[in-house]
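See below for the structure under consideration.
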Amino acid sequence: MSEVRRKKRYKELKEWVIAILIMVAAIFVIRSFIFGTVIVKGVSMEPTYYHGDLIAINKLSYHFSSPERGDIIVCDYGSIEEEKIIKRVIGLPGEVIDFVPKDNGNYDVMVNGEILEEDYIKSEVEFYGDTEYPYTVPENCYFVMGDNRNNSTDSRWQSIGVIEKNNIEGKAFLKIWHFGR
């Protein structure tokens with residue numbers, strides 16, 4: 001092989017290596033700071049998301065704005081940073097959450113004295129957890145619940161409690177795939 005040909009191959013190889021390194025760095029930045037994915041574990045978000053759904057999350061959204069009622073968020077909770085939960089935002093900072101008994105023994109969720117209309121839940125709320133109500137959501141915190149209210153450990157339970165804004169990883173915005181279906 002001639003010296004010219006060897007230099008040309010070396011230059012091509014070098015360009016490929018640089019291109020691959022740039023792609024890997026771009027993917028790392030995008031996955032770490034802009035978009036991510038999470039696989040839903042459990043049944044707490046049915047019928048919106050099912051166990052095994054791969055969900056895309058926007059990690060930038062709450063750096064420029066605050067969560068709104070109805071947003072589905074992915075967050076860390078408590079001291080277990082590896083454990084992520086996916087829940088729907090029900091109460092915003094400063095709002096008062098309460099549960100109102102219905103004639104059939106179930107409960108309506110009330111926010112600031114108004115019953116929350118929830119067409120996304122799997123079934124009516126049968127229990128309101130171990131938190132005392134009415135409950136005022138602290139500043140920079142969010143009261144979250146799963147859409148499958150009777151099979152969700154969420155802000156109604158003191159073991160989870162409200163979610164601090166800095167523990168929110170991002171906003172779920174797209175179901176990409178379902179593993180196992």
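Out of the total accessible area of the stretch 60-148 (probe 1.4 Å, heavy atoms of protein only), what percent is carbon and sulfur?
Of all accessible area on the stretch 60-148, carbon and sulfur atoms account for 46 percent.
How would you order 104-117, 3-16, 163-176 from highest to lowest mean count of nearby Cβ atoms within 10 Å?
Ranking, from highest mean packing down: 163-176, 104-117, 3-16.
What does the convex hull of the alpha-carbon atoms of the chain project to on average, in nm²?
Mean projected area of the Cα convex hull: 14.6 nm².
Considering the stretch 38-79, what Rg and Dmax in Å follow from its alpha-carbon atoms?
11.7, 31
Heads up, I need the accessible area for residue 141: 1.4 angstrom probe, whole protein in place, Å², nearest 10.
Rounded to the nearest 10, that gives 10 Å².
With 18 Å as the cut-off, how large is the P(r) tail for the stretch 101-181, expressed as percent of Cα-Cα pairs?
Distances greater than 18 Å cover 52 percent of the Cα pairs.
Quick check for me: using +1 on Lys/Arg Cβ and -1 on Asp/Glu Cβ, what's the dipole size of the chain about its Cα centre, in debye to the nearest 20?
2040
Quick one: net charge of residue 71's neighbours, Cβ under 13 Å, K/R +1, D/E -1?
It works out to a net charge of +2.
Suppose we keep just the alpha-carbon trace of the stretch 1-101; what are its Rg and Dmax in angstrom?
22.8, 87
Residue farthest toward the positive end of the dipole of the chain, with Cβ of Lys/Arg at +1 and Asp/Glu at -1: which of 92, 58, 106?
Farthest towards the positive end: 58.
Return the whole-Å distance between the Cα centroid of the stretch 1-40 and the Cα centroid of the stretch 48-72.
Between the Cα centre of the stretch 1-40 and that of the stretch 48-72, the gap is 30 Å.
Along each of its three principal axes, how wide is the spread of alpha-carbon positions in the stretch 1-54, in whole angstrom units, largest first?
Computed over the Cα atoms, the extents are 66, 22, 12 Å.
Considering only the other residues whose Cβ falls under 11 Å of the Cβ of residue 131, what net charge follows from Lys and Arg at +1 and Asp and Glu at -1?
Computed value for this residue: -3.
Positive end of the charge dipole of the stretch 18-173 (Lys, Arg +1 and Asp, Glu -1 on Cβ, about the Cα centre): tell me which of 127, 34, 24 has its Cα farthest that way.
Working it through, the farthest residue towards the positive pole turns out to be 24.
If you roll a 1.4 Å probe over the heavy atoms of the protein chains, what accessible area per residue do you get for the stretch 1-112, in Å²?
64
In nm, to one decimal, how far is the modelled label at residue 32 from the one at residue 11, with both set 7 Å along Cα→Cβ?
3.3
Taking the alpha-carbon distance from residue 171 and a cut-off under 19 Å, which lysines remain once sequence neighbours fewer than 8 residues away in the same chain are dropped?
Straight-distance partners of residue 171: 41, 59, 84, 87.
The values are calculated or read from the model by the stated rules, or taken from the named source; none is laboratory data. The shown structure was predicted, so the numbers you read here are calculated from the model rather than taken from an experiment. Counting neighbours? That spans all protein chains shown, and the Cβs are built from the backbone with ideal geometry, glycine included. The protein model used for the area step is the full one, side chains on, heavy atoms only, and it has no ligands, DNA or RNA in it. Shrake-Rupley method; radii C 1.70, N 1.55, O 1.52, S 1.80 Å.
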